[in-house]
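The values are calculated or read from the model by the stated rules, or taken from the named source; none is laboratory data. Owing to the predicted nature of the structure, the values given are computational and were not obtained by experimental measurement. All Cβ positions, even for glycine, are placed from backbone atoms using ideal geometry, and neighbour counts span all protein chains on display.
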Amino acid sequence: MWGNIAIAFLLAFIVAFMATPYTIKIAEKVGAVDIPKDKRRMHKKVMPRFGGPAVILGFLVSVIYLLIVMSIEGSINLFGMDEYGKKLLGFFLGIVIITITCVIDDIKEIKPIFKLVGQLLAAIVVVSFGITIDDINVRFIEIPELGEFVQSLITILWIIGVTNAINLIDGLDGLSSGITAISAISLLIIFILNGSPAVAVVLITALTGALVGFLPFNFAPAKTFIGDTGSNFLGFAISIIAILGVAKTYTAVVIVLPIIVLGLPIFDTLWAIIRRLIKGKSIKAVFKGDKGHLHHRIVRMGFSQKQAVLILYGISASFGLFAIILFDSGIWKAMSFLLMVIVAIALGYKNFKREKSTDERFECVECKYIYNPKFGNEKAGIKPGTSFDDLPDNWVCPVCGEGKDMFELHED
């Protein structure tokens with residue numbers, strides 16, 4: 001097993017690392033570049049956003065090579081009772097659909113609804129080829145069997161949900177790729193402890209290797225972005241691999257452990273949906289971008305982009321370790337670990353917290369109104385000298401009514 005793990009990681013790493021410079025050149029030729037045309041973007045210059053194909057190529061080359069070799073040597077049976085050959089075919093077809101949809105988006109920028117349709121179609125294909133979350137069985141608790149339709153619906157919602165969670169957190173250099181790599185490593189450890197199928201171990205290892213090969217070009221200061229092609233693939237792939245990897249244990253684990261491992265992007269996405277629904281009071285508002293994501297808030301606190309990414313890496317790693325400890329040692333040890341982490345952060349946070357400045361001005365990205373702490377906002381009861389961080393959470397722009405999440409630091 002360890003030989004296969006080494007090969008899966010190294011081959012994916014090498015292919016992704018060597019392919020990424022080519023995707024940078026291709027991006028410039030086909031127009032797959034990210035132009036900072038609005039204040040929501042954190043970068044200030046035109047950047048290629050076509051790194052996804054390099055990650056996908058590294059992943060597929062590694063997986064296909066190992067599946068062929070392992071089939072020849074007899075260590076894996078793709079056509080046995082588990083029908084892994086059929087399931088992987090559905091997975092690969094889903095990747096093709098996601099890739100085509102998002103390559104078009106990276107080049108032409110299609111509407112969010114069309115991307116959602118592509119995600120839905122890819123998820124339906126995967127489910128139709130036999131990859132589903134089966135009946136939820138929990139120790140000592142009898143839960144009625146789920147019908148085939150309900151199983152399929154839960155699986156589709158899971159795939160689309162995780163795909164969008166990774167896509168939405170892709171807002172800083174190296175953020176989505178790094179968090180997915182940390183989550184993949186956590187799942188790999190869980191798979192090994194669980195005695196998961198060799199197919200799942202190979203898939204998650206190859207995904208990790210491809211991401212580690214891409215990260216040197218994506219970590220701040222980034223030379224390229226992973227793009228919608230990459231971020232959608234990452235969420236799509238890890239959601240499906242999670243199902244394959246824990247399918248032989250109590251099925252509640254299929255849902256619980258991956259949710260914990262992917263806790264950061266899932267929480268950020270759920271909060272974004274709630275925030276936008278409350279603010280926009282319509283489903284359409286969910287698709288409208290804002291600057292209320294966790295990484296935006298950390299940057300507004302005064303941390304640099306690189307510091308914000310490292311902070312979020314730490315949070316993601318803590319979620320992963322919590323899931324591993326929970327699976328291997330039980331709830332009490334996992335909770336004690338979590339408590340120790342919280343105490344350590346609480347004690348050490350004051351050493352890293354940036355002192356609030358009353359001199360920094362913040363600009364509304366919609367109407368360009370500038371909040372100046374020197375003058376405050378008397379009509380809203382905000383006294384002069386009140387820093388932006390000290391404004392109430394329900395404070396809104398006095399000109400256009402946008403919330404605090406649509407303001408960014410004003411640079412003279």
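Which one is modelled with the lowest pLDDT, of the residues in segment 335-384 that are in a loop (DSSP other than H, G, I, E, B) and exposed (fewer than 10 other Cβ atoms within 10 Å of the Cβ)? Let's see the steps before the verdict.
Residues of segment 335-384 in a loop (DSSP other than H, G, I, E, B): 353-361, 365-369, 372-376, 381, 383-384.
Adding the requirement that they be exposed (fewer than 10 other Cβ atoms within 10 Å of the Cβ) leaves 355, 359.
Working: GLU355: 44, ASP359: 61.
Result: GLU355.
From the list ILE136, ILE159, ILE154, ILE141, the one residue that fits, being closer than 17 Å to ALA242 by Cβ, modelled with pLDDT under 80 and of a type outside the set (D, E, K, R), is ILE136. Of all residues in segment 306-330, those that are modelled with pLDDT under 85 and aliphatic (A, V, I, L, M) total 1. If the condition is being surrounded by 18 or more Cβ atoms within 10 Å (Cβ to Cβ) and within 18 Å of the chain's Cα centre (by Cα), then segment 300-310 contributes GLN305, ALA308, VAL309.
LYS115 meets the stated requirement of being assigned to a helix (DSSP H, G or I), among the basic types (Lys, Arg) and under 21 Å from the mean Cα position of the chain (by Cα).
Testing GLY178 on (1) part of a helix (DSSP H, G or I); (2) buried (at least 24 other Cβ atoms within 10 Å of the Cβ); (3) touching a residue at least 60 places away in the same chain (Cβ under 8 Å), one condition comes back false. Which one is that? Going through the list (1) part of a helix (DSSP H, G or I); (2) buried (at least 24 other Cβ atoms within 10 Å of the Cβ); (3) touching a residue at least 60 places away in the same chain (Cβ under 8 Å), GLY178 breaks only (2).
Look at segment 184-208 and say how many of its residues are polar (S, T, N, Q) and not in a helix (DSSP H, G or I).
Kept after step one, since they are polar (S, T, N, Q), are these residues of segment 184-208: 186, 194, 196, 205, 208.
From what is left, the residues that are not in a helix (DSSP H, G or I) are 196.
Result for segment 184-208: 1.
Quick one: is ALA181 over 15 Å from the mean Cα position of the chain (by Cα), more than 19 Å from TRP158 (Cβ to Cβ) and assigned by TED's automatic domain parsing to the domain that holds GLU109? Lay out the reasoning, then the answer.
On the way: over 15 Å from the mean Cα position of the chain (by Cα): no; more than 19 Å from TRP158 (Cβ to Cβ): yes; assigned by TED's automatic domain parsing to the domain that holds GLU109: yes.
Taking the combined requirement at face value, the residue does not satisfy it.
Against the test of being under 20 Å from the mean Cα position of the chain (by Cα), over 20 Å from ASN167 (Cα atoms) and either at pLDDT 90 or above or of a type in the set (S, T, N, Q) (or both), the options ALA54, ALA12, ALA16 yield a single qualifying residue, ALA12.
Would you point out which residue out of PHE236, PHE303 is modelled with pLDDT of 85 or more and not basic (Lys, Arg)?
On the way: PHE303 fails: modelled with pLDDT of 85 or more.
PHE236 is the lone residue from the list that is modelled with pLDDT of 85 or more and not basic (Lys, Arg).
Among the numbered conditions (1) closer than 30 Å to ILE298 by Cα; (2) in contact (Cβ under 8 Å) with a residue 24 or more places away in the chain, the only one that TYR65 does not meet is (1). Yes or no: LEU211 closer than 26 Å to SER152 by Cα and assigned to a helix (DSSP H, G or I)? It is false that LEU211 is closer than 26 Å to SER152 by Cα and assigned to a helix (DSSP H, G or I).
Taken over segment 57-90, the criterion of being surrounded by fewer than 22 Cβ atoms within 10 Å (Cβ to Cβ) and under 23 Å from the mean Cα position of the chain (by Cα) is satisfied by LEU57, LEU60, VAL61, LEU88, GLY90.
Against the conditions (1) assigned to a helix (DSSP H, G or I); (2) more than 28 Å from ASN164 (Cβ to Cβ), ILE107 satisfies every one except (2).
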